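**Q** Structure provided below as structure tokens; questions to follow.
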Amino acid sequence: MRTGHPADPAAIALDTVDLADPELYASGDPHTVWHAMRERAPVHRQTLPDGRSFWSVTTYRDVNDVLRDHTRYTSERGTLLSVLGSADPAGGLMMAASDPPAHTALREPLSKAMSARALARWRPRIRDLVLRLLAPLADGPLDLAEAAASFPMAFTGALMGLPEADWARLARLTTMAVAPQDPAFQEGGGHTTLLSAHHELFRYFAQRVREVSADPGDDLTGFLVRMRANGRPLRQDELVYNCYSLLLGANVTTPHALAGTVLALMENPDQYRRLLAEPQLVPSAVEEGLRWSSPANHFLRHTVRDTEQHGVRIPRGDAVVAWLGSANRDASVFPDPYRFAVDRTPNRHVAFGFGPHYCVGAPLARIALGIMLEEIVRHVAEFRPAGPVRHLGSNFVAGISSLPVTAVLRDGMRDALAAHGPLPRPEVLA
Ligand code: HEM
């Protein structure tokens, strides 16, 4: 998705806008559309050609309200536009598709196992993966988006105890599940792609959970098997849905935060030079990269009762989409919101959501992205474009599917980088 300054919001005809269309995010300009919506229709209703409809909220305040208030906006009927109009079979079983108190019972133990403190022991392993991902830059141009696709799979795969031989296929399947319309990931038509990705992922995790249940290890899957929610162990279907959700949550977002941040640094070389001069800004650059790229583009809720949002009445049972990418450009919260600034403070972005479902993987993502940016700054003096950038065709993931770059390495860093073996090539553009 283009992330620069909006073109001409006044020229946008809001009654013709299609926010569900993956093409808007692959080749269009959603930031101009959202800008117009925040100004002229902050609570906006769209009806699809097949009669299904949904409301959109685009301001920071409305997005926070919708994500926070589960007493008015439920997650149990699904959280992605792709499930609009059909009951979500994971409702009430998967943490992401549950409301408190059932959600809290699942979330509390898991979030302890995934806290920054609990994950500290993984830092050396993540640094090794980062260096292996960057190693090919020593030899010439690299498609950073393609390489980044294997990154979360590697650390989440290791964390969940998934065999390395499965990582490439799992990385592809999770992208098929969120971008079934993107030609690079289609296996059959869009709907078939989505169904077959879900089918294969659920079958995979059912098998995995059976194996782990027989001998739960020290990894996250073993933790889920041993875990108690409200005093009882999770059932097989709950285990499968939550393994799926953890992997999907990590795989479909983290690579795009990384690619989006590098692209922003290339487009704003003064900001990269600042980072080279002041590497202590890496943590705030990670947050700005998250705000800027907002890889999770939207989340869906349904109204539990008739409600009012920003002065607009929304009937009970209607679908409401909170557009995170839009909230993260709201000028009432982010001064000069279309400027990428590695030292932006405060930066209360909603890239990880808000309220009870705030991303449980945020500590892990922050550790991984922080180490990645530290190593980039340590090795790379400058990134140069080595081909056209391609954006992902998905209304859910604001992603980059191709980002060819050449790195000008810092003095003495070529041999240091080349010494690390590369990560297994992901099965992303097979
Ligand atoms: C840059 C990386 C990431 C971004 C931008 C991101 C974004 C988000 C957002 C916005 C939500 C809120 C969903 C909602 O309100 O319905 C969420 C929830 C979630 N994320 Fe992430 N995520 C990232 C990384 C990860 C990682 C690394 C994992 C797992 C290892 C993960 C697993 C999850 C899970 C399981 C939930 C559901 C939490 C709940 O329902 O309480 N995410 N994520």
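**Q** To the nearest 10 Å², what's TYR241's accessible area with a 1.4 Å probe?
**A** For TYR241, solvent-accessible area is about 40 Å².
**Q** Computing the accessible area with a 1.4 Å probe over protein heavy atoms, can you report the carbon and sulfur percentage for the chain?
**A** Taking all protein chains in place, the chain shows 54 percent carbon and sulfur surface.
**Q** Roll a 1.4 Å probe over the protein chains and send me the accessible area per residue for the chain in Å². Numbers along the way, then the final one.
**A** Values: 17160 Å² over 430 residues.
On a per-residue basis, the chain sits at 40 Å².
**Q** Still on this structure, I have one more. Hey, rough spin-label estimate for ASN268 and HIS191, points 7 angstrom out along Cα→Cβ, what's it come to in nanometres?
**A** 4.3 nm
**Q** To the nearest 10 square angstrom, how much accessible area does THR16 have with a 1.4 angstrom probe?
**A** Near enough 110 Å² of accessible area.
**Q** Kindly report, to the nearest 10 Å², the accessible surface of LEU106 as traced by a 1.4 Å probe over protein heavy atoms only.
**A** Rounded to the nearest 10, that gives 10 Å².
**Q** Quick one: 3J(HN,Hα) in Hz for the stretch 384-398, Karplus 6.51/-1.76/1.60 with θ = phi - 60°, rounded, Gly and Pro as x.
**A** 10, x, 10, x, x, 7, 10, 9, 6, x, 8, 7, 9, 9, 7
**Q** Shape of the chain from its Cα gyration tensor (a ≥ b ≥ c, root eigenvalues): rounded if a/c is under 1.5, otherwise prolate when a/b > b/c, or oblate?
**A** The shape class here is oblate.
**Q** Per DSSP H run of at least 4 residues, take -39500 (n - 2.57); add these up for the chain, divide by its residues and hand me the 222 nm value, nearest 500 deg cm²/dmol. Show your work: numbers first, answer last.
**A** Values: 18 runs with 192 residues, N = 430.
Result for the chain, helices only: -13500 deg cm²/dmol.
**Q** Nearest 20 debye, what's the magnitude of the dipole of the stretch 9-418 about its Cα centre given +1 on Lys and Arg Cβ and -1 on Asp and Glu Cβ?
**A** Numbers: 42 positive and 45 negative charges, 204 e Å.
The dipole magnitude comes to about 980 debye.
**Q** Quickly work out the ASP318-to-ARG123 label distance, labels modelled 7 Å from Cα along the C-beta direction, and quote it in nm with one decimal.
**A** 4.8 nm
The values are calculated or read from the model by the stated rules, or taken from the named source; none is laboratory data. For clarity, every value in this text was computed on a predicted model and none was experimentally measured. For neighbour counting, all protein chains shown are included, and Cβ atoms are generated from backbone atoms with ideal geometry for every residue, glycine included. Ligands, DNA and RNA are stripped out before the accessible areas are found, and what is left, the full protein with its side chains, is counted by its heavy atoms. Shrake-Rupley method; radii C 1.70, N 1.55, O 1.52, S 1.80 Å.
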